[in-house]
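Here is the structure we will look at, set down as structure tokens.
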Amino acid sequence: MREMGAKALKLGIPLGVQLDLTYRCNERCVHCYLDHDDHGEMTTAEIRDLLDQLAAAGVFFLILSGGEIFLRKDLFEIVEYARKLMFSVKLKTNAVMIRKAKAKRIAALGVESVQISVYSHRAEVHDAITKLPGSFRRTIEGARLLKSNGVRVSFANVLMKHNAGDYPEVQALAAELGVGYNVDATITPMMDGDRSILDLNIAPAALEQVFHNSTLVGNAEEFCAPPSGPLAQADALDTLPCSAGHTACYVSPYGDVYPCVQFPLPSGNVRKTRFLDIWQHSPQLKEVRAITMADLQGCSSCTHGSSCSRCPGLAYMEGNMRGPSTQDCEKSFARTGVPSANLLRKQAATARQEPASGAGTPSPLSAKHTVIWMAAQS
Amino acid sequence: MNANRYIARAADVAARMIGGEMMIMSGADSSLYSLNETASILWQAADGVTPLAQIVERHICADYAVDPATALRDAEELAQDLARHGILLLADAPVPDATLRDTVPPARESP
Ligand code: SF4
Ligand code: SF4
């Protein structure tokens, strides 16, 4: 897989694309970053044409997501066409609408895997997050049906204040059903930049527990090891921040192309320009590609530089794609107990703005928008 | 050796030509395979209805100046190997359903 990625990078091939088919949804999750209105989704014909273009551009991994993808009446036509073009197709869904016939059809289409959002093992907690009564029961039933039809299933368990302590039981439920499990403590800002939902992030103590749980992070000792200093200058010149815009990108239901679903830098629209032209010639994607770790203001000299999972998309949403992502600074602090210079600066600024909020210097972990972490994200 | 054998791409694989190499992901266990040039030619021609002998004659013998009997024997060995990995079907009769998938579009590369 690594070799394939290296080859794609060398040849300039977009190996993986996430295509959101709709932002409409039958749930109204409290932490969702999307506006659920339909502002003119691509038609079936437009999506088929786009899939042809993606295949010709060399895309191998196709993630179909939303919104809730099963709200599109043409979903199976789209998946069938994608499989005919031999993409490795992964579906992301809440599984509420999956019943016997749909599960069978997904299995027959040779879909690589289905990722299902599950928030708690307690129906009342899950349903309070999705705001859809009965959703837990239906979601679990959908997962069981997929599994019994031989489909690879995994649970995506986003953590927030409402469900912070439930993940061991969700993990156990996944094991009982024989499906995969990923925890994700990433509550990201809304697509329009609204950061209010970040208040839902779990408390620092809960996050630290997650970080020190080897069943979630792999080797916790290694994961939480003290920072090993900035990247060496030679490595910093060669090292790319992440796959966004290099071997992967994101396409919205309206045909807008971005470097990543979490990096809302408008880079073109497939309704106006062929996908490959956008991929190869968009000034925005070229700019993203030109950035190496050595160019990152603050991060290139940061003590966490060689181990931080800095997300350029989150940095962009903070106002500077070459700058630090404070959410990742918080993450690095929670892993290691060592604050970055950027985090200390932010803390000082917050303290100046909120003189009445308490005496003394606040702990970096008391930051308003606490730590973000994404487990098992390749 | 049966000259009337047929080869068809397995229905649950993912595949794409990347940089002149056919990359295939098995549907059974997500293992990744990369095929060399001649194996890629066989794979792309594996429509389930054209006899293997005909594929070899048309696509291998013509382009690689190799004797047909040797080419067919090698092709059958290769097909058996791919079949063992679950990414190709090898049958004594046509497998018409496999025609659902046309040839895999090649990846264009950046200039
Ligand atoms: S680090 Fe951020 S921008 Fe890069 S791929 Fe991950 S989510 Fe996307
Ligand atoms: S995001 Fe923060 S912790 Fe990470 S390298 Fe940049 S400054 Fe350091």
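Tabulated results
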quantity	calculated
Residue check for A:LYS272: within 14 Å of another protein chain (Cβ to nearest Cβ) and either away from ligand 1 (no atom under 15 Å from the Cβ) or not aliphatic (A, V, I, L, M) (or both)	no
Lone qualifier among A:GLY134, A:GLY66, A:GLY142 - being of a type outside the set (Asp, Glu), open to solvent by less than 30 Å² (accessible area, probe 1.4 Å) and on the phi > 0 side of the Ramachandran plot	A:GLY134
Odd one out for A:GLY67 among (1) more than 14 Å from chain B (Cβ to nearest Cβ); (2) at pLDDT 95 or above	(2)
In region A:179-222, the residues that are touching a residue at least 12 places away in the same chain (Cβ under 8 Å) and among the polar types (S, T, N, Q)	A:ASN182, A:THR186, A:THR188, A:ASN201, A:THR215
Residue ranges of strands (runs of 3 or more DSSP E) in region B:1-64 with at least 1 members in contact with a Phe, Trp or Tyr (Cβ under 7 Å, 6 or more places away or on another chain), under 20 Å from A:PHE60 (Cα atoms) and within 14 Å of chain A (Cβ to nearest Cβ)	B:6-9, B:14-18, B:21-25, B:32-35
All strands (runs of 3 or more DSSP E) inside region A:1-105 with 1 or more residues being acidic (Asp, Glu)	A:16-20
Residues satisfying the stated conditions in region A:159-178, i.e. open to solvent by 60 Å² or more (accessible area, probe 1.4 Å) and under 17 Å from A:VAL30 (Cα atoms)	A:LYS161, A:HIS162
Some residue of region B:33-42 being within 10 Å of the chain's Cα centre (by Cα) and either more than 26 Å from A:LEU109 (Cα to Cα) or surrounded by fewer than 19 Cβ atoms within 10 Å (Cβ to Cβ) (or both)	yes
Selection from region A:310-334 of residues that are near ligand 2 (Cβ under 9 Å from one of its atoms) and surrounded by fewer than 18 Cβ atoms within 10 Å (Cβ to Cβ)	A:GLY323
Residue count, region A:72-90 (criterion: open to solvent by 20 Å² or more (accessible area, probe 1.4 Å) and under 21 Å from the mean Cα position of the chain (by Cα))	1
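Condition check ((1) hydroxyl-bearing (Ser, Thr, Tyr); (2) out of contact with any Ser or Thr (no Cβ under 8 Å at 6 or more places or on another chain); (3) buried (at least 18 other Cβ atoms within 10 Å of the Cβ); (4) under 17 Å from A:ASP235 (Cβ atoms)) across all residues:
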| position | (1), (2), (3), (4) |
| --- | --- |
| A:VAL270 | no, yes, yes, no |
| A:ARG274 | no, yes, no, no |
| A:SER282 | yes, no, yes, no |
| A:ALA290 | no, yes, no, no |
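The values are calculated or read from the model by the stated rules, or taken from the named source; none is laboratory data. Just so it is clear, the model here is predicted, and its values are computed rather than measured. Cβ sites come from the backbone with ideal geometry, for glycine too, and all protein chains shown count toward neighbours. When the accessible area is computed, the model is the full protein with side chains, heavy atoms only, and any ligands, DNA or RNA have been set aside. Shrake-Rupley method; radii C 1.70, N 1.55, O 1.52, S 1.80 Å.
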